[in-house]
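Below is one structure, written out as structure tokens, with a few remarks after it.
The values are calculated or read from the model by the stated rules, or taken from the named source; none is laboratory data. None of the values given here were measured: they were computed from a predicted structure. Every residue, glycine as well, gets a Cβ built from its backbone with ideal geometry; the counts of neighbours run over all protein chains shown. All accessible areas refer to the heavy atoms of the entire protein, side chains included, with ligands and DNA or RNA removed. Shrake-Rupley method; radii C 1.70, N 1.55, O 1.52, S 1.80 Å.
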Amino acid sequence: MSIKVAVLGAKGRMGSESVKAISGTSDLEVVAQLDLGDSLEKLISSGAQVIVDFTHPDAVMGNLDFAINNGINVVVGTTGFDEKKLVQIKSWLAANPKIGALIAPNFGLGAVLMMQFAAQASKYFESVEIVELHHPAKADAPSGTAARTAELINEARASVKKATMPDATTSELAGARGAKIGDVHIHSVRLRGLVAHQEVILGDIGETLSIRHDSIDRTGFMPGVLLAIRKVGENPGLTFGLENYMDLN
Ligand code: NAP
């Protein structure tokens, strides 16, 4: 029996790719396509078992509240999550313990590997900074992927008691050193012609290492989206990051 999937943001760039990808499988079925202005009641009348949300940071929480509290698993690609939002989602899940929620800042399998490699490498380098580059229609900065990479790097460095990174800056034009998550600086570029790209630059005395991932086309996210839809029902509670659904050991 196929898994019944509703796509939210179905007319958007990622949502429409997801509809195509799901429709091309034999074990998943698109039962609802919702966009701005559509009633969430369609999720219930369509019998959706999983929603895929690629909407907008301002819209996603309302969608998740409705889906989780109506017993529907959620796969979330929309970015812009902070600790407060995650705490809220966990409280909805606590009231619905059989429901799974995956929040994936990046569905690109290559991007997930890039994040893992960067976190591993960061234990061995004095300095590490992130440059993320995206199309100019992107609403949030830094990207969810960059924020997640920074968190993984901070965790990895804390685990080996790595010292704070060297930085002699004493005078600065606001923003010149980018945003900072933990000890990691993130620089966001918004440029026509780009899709989604990220470079993690690591440096120590006498050598640098660059780990770069380029999303050339949105179809590259689809194997990760399909993997998430297939696994979310088997993983109750909140999962943050697609790496948790991948066998990376
Ligand atoms: P997009 O092309 O603007 O698509 C978003 C779609 O959602 C639009 O059709 C929009 O309608 C619709 N929408 C807005 N509010 C809605 C609501 N309340 N209910 C239902 N639909 C709603 O954006 P995108 O490039 O597909 O990106 C969508 C999100 O995914 C962004 O947060 C982006 O950062 C993220 N993203 C994540 C990944 C990942 O791998 N995790 C990859 C790429 C993008 P209108 O146009 O009428 O507003």
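Here are some notes:
- Selection of segment 116-146 for residues being touching an Asp or Glu at 6+ places or on another chain (Cβ under 9 Å) and within 12 Å of the ligand (Cβ to nearest atom) yields E132, A139, A141, P142, S143, T145, A146.
- Flag if G178 is over 30 Å from A59 (Cβ atoms), of a type in the set (G, A, S) and not assigned by TED's automatic domain parsing to the domain that holds T239: no
- Condition check for E83: outside the structural domain of K138 (by TED's automatic domain parsing) and either within 19 Å of the chain's Cα centre (by Cα) or on the phi > 0 side of the Ramachandran plot (or both): yes
- Scanning segment 166-190 for residues that are free of Cβ contacts under 8 Å to residues at least 40 places away in the same chain and of a type in the set (K, R) yields R177, K180.
- Residue check for E126: of a type in the set (D, E, K, R) and within 21 Å of the chain's Cα centre (by Cα): no
- Residue-level check: of (1) touching a Gly at 6+ places or on another chain (Cβ under 9 Å); (2) in the same structural domain as A48 (by TED's automatic domain parsing); (3) β-branched (V, I, T), I89 misses just (1).
- All told, P236 falls short of being touching a residue at least 24 places away in the same chain (Cβ under 8 Å), more than 20 Å from the chain's Cα centre (by Cα) and open to solvent by 70 Å² or more (accessible area, probe 1.4 Å).
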